[in-house]
Amino acid sequence: MPRGIVRIAMWSGPRNISTAMMRSWGNRPDTFVIDEPFYAYYLERTDAAHPGAEEVIATGETNWRKIVAKLTGPVPNGMRIFYQKQMTHHLLPEIDRKWLREVTNCFLIRDPADVIVSYMKKNNEPALEDLGFVQQAEIFDFVQRETGSIAPVIDAEDVLRAPKRLLELLCDAVDVEFFPTMLSWPRGPRTTDGIWAKYWYAEVENSSSFRPYQPRVGKVPERLRGVYQQCQEFYEKLYQHRLH
């Protein structure tokens, strides 16, 4: 088994299976997980109207340099793997990207139509920058330039259709052992969940595994077709590199 510290930054947009993926990694015996570490910074800088924003800002870290120091420093609880659930749109332009060289960057993607239809349940008028696809492609390109290689990409639908196979591929790509415990987890909240969990995590808290894939219910409304088409361009760029 490979030895040494592994810091995995999993970059996704909102309304993906990112919290379920965090549950999966958090159920390993060798892994500590952190939930959206830049969220408080993002809310403070953008003044975005998110549920519980004031509480998130008040209890979170709003100095990006301190956040980066934590993400690249010792792994909490003496664990070997540091799994970082990251939202692409939280990595605002003024944050220096150099620290990305010190982590293993991975990308979790989802069909933009699925993302938009799901996002509309919380915000009926999502803007392009809310959905994270542009930022995801920018981070992907930066990592490729810096490393000279293609970072691992996994698609949410693939994971839901064949979780064991995709997690095995992902673990192999980041050079860690696959654990069957990644396929299921105890129901309920976690101390590592963000304080915003009460607004967003009800479905995950009631889960004990990845839910089987279900076809999308609903369509992207005509008023959001332009946003969808722009997202689709960036999605397809990463999709061609997905593990499958």
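Centre-to-centre separation between the Cα atoms of the range 186-210 and those of the range 101-152: 22 Å. Computed over the chain with a Gaussian network model linking Cα atoms closer than 10 Å, the most mobile of 142, 107, 133 is 142. Applying both filters, DSSP loop and at most 16 other Cβ atoms within 10 Å, to the trypsin sites (Lys or Arg not before Pro) of the range 163-244 gives 187, 216, 219.
Contact order, relative form, for the range 4-157: 36 percent (alpha carbon pairs under 8 Å, 6 or more residues apart, mean separation divided by residue count). Expressed to the nearest 5 percent, the antiparallel share of DSSP beta bridges inside the chain is 5 percent.
Computed over the range 118-244, the convex hull of the alpha-carbon atoms projects to a mean area of 9.5 nm².
Between amide H atoms placed 1.01 Å from N, distances below 5 Å from residue 17 occur with no residue 5 or more places distant or on a separate chain.
This ranking places 171, 231, 106 by how few other beta-carbon atoms lie within 10 Å of each, fewest first, which gives 171, 106, 231.
Filter 66/198; 198/237; 66/237; 85/121; 85/164; 66/164 down to the pairs with a C-alpha to C-alpha distance above 30 Å, please. As for pairs spanning more than 30 Å Cα to Cα, those are 198/237; 66/237; 66/164. Taking packing as the residue-averaged number of other Cβ atoms within 10 angstrom, the listed peptides 35-48, 119-132 run from highest to lowest as 35-48, 119-132. Once you have a ≥ b ≥ c as the square roots of the Cα gyration tensor eigenvalues for the chain, tell me rounded if a/c is under 1.5, and otherwise prolate or oblate according to whether a/b is larger than b/c. Rounded. Remark: the Cα gyration tensor places the range 49-171 in the rounded category, a/c being less than 1.5.
Contact order for the range 1-70, expressed relative to its length and based on alpha carbon pairs under 8 Å spaced 6+ residues apart, stands at 24 percent.
Since every read-out is calculated from the coordinates, none of them should be taken as a lab result. Quick caveat: nothing in here was measured; it's all calculated off a predicted structure. Neighbour counts are summed over all protein chains in view; Cβ atoms, including those assigned to glycine, are modelled from backbone coordinates with ideal geometry.
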